[in-house]
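Worksheet for the structure shown next.
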Amino acid sequence: MGVLMLLFIGLIILVIIGQFLLYRNSEGTIGFIWNTILGLLLSYLIYTSLPSNEMIEKILSLSWGILAVVAFIIGNRFPKKELLSKILFSLAVIGGCIHLYFL
């Protein structure tokens, strides 16, 4: 149980660093890439930790990763919608972290 708590603390620190990079970086590229990778990592961790018969939970876990990829595409394709992209990143990463914690 101690290792699992260290994993959660490490993920929370990574989420805080990712959100800081996302909102404080003037370019935004590093924050976008960091949050995309983190969103996909959280989605993968949730998906692989679920049993095979929990299909609704698995679909929800995949939605966090899809949301991160959509936010990345919006942030790169439409520079005027950068705030929307940042909000979607925040939802994907924080939602995935909360989902993993209460799993």
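The values are calculated or read from the model by the stated rules, or taken from the named source; none is laboratory data. In this text, all values refer to a predicted model and were calculated from it rather than measured experimentally. Because the Cβ atoms are built from the backbone with ideal geometry, glycine has one as well, and the counts that use them run over all protein chains shown. The area values use the complete protein model at the heavy-atom level, side chains included, leaving out ligands, DNA and RNA. Shrake-Rupley method; radii C 1.70, N 1.55, O 1.52, S 1.80 Å.
Observations
- Restricting V93, V15, V3 to residues that are among the hydrophobic types (A, V, I, L, M, F, W, C) and open to solvent by 60 Å² or more (accessible area, probe 1.4 Å) narrows the list to V3.
- Just one residue in the set I59, I46 is aliphatic (A, V, I, L, M), buried (at least 18 other Cβ atoms within 10 Å of the Cβ), free of Cβ contacts under 8 Å to residues at least 60 places away in the same chain and part of a helix (DSSP H, G or I); that residue is I46.
- Long-range neighbours under 7 Å by Cβ, at least six apart or interchain, first residue outside any helix (DSSP H, G or I) within region 83-103, second not β-branched (V, I, T): L103/S49
- Filtered by the rule that a residue be at pLDDT below 90 and either assigned to a helix (DSSP H, G or I) or surrounded by 15 or more Cβ atoms within 10 Å (Cβ to Cβ) (or both), region 62-82 gives G75, N76, P79, K80, K81, E82.
- If the condition is being more than 15 Å from L100 (Cα to Cα) and of a type in the set (S, T, Y), then region 1-55 contributes Y23, S26, T29, T36, S52.
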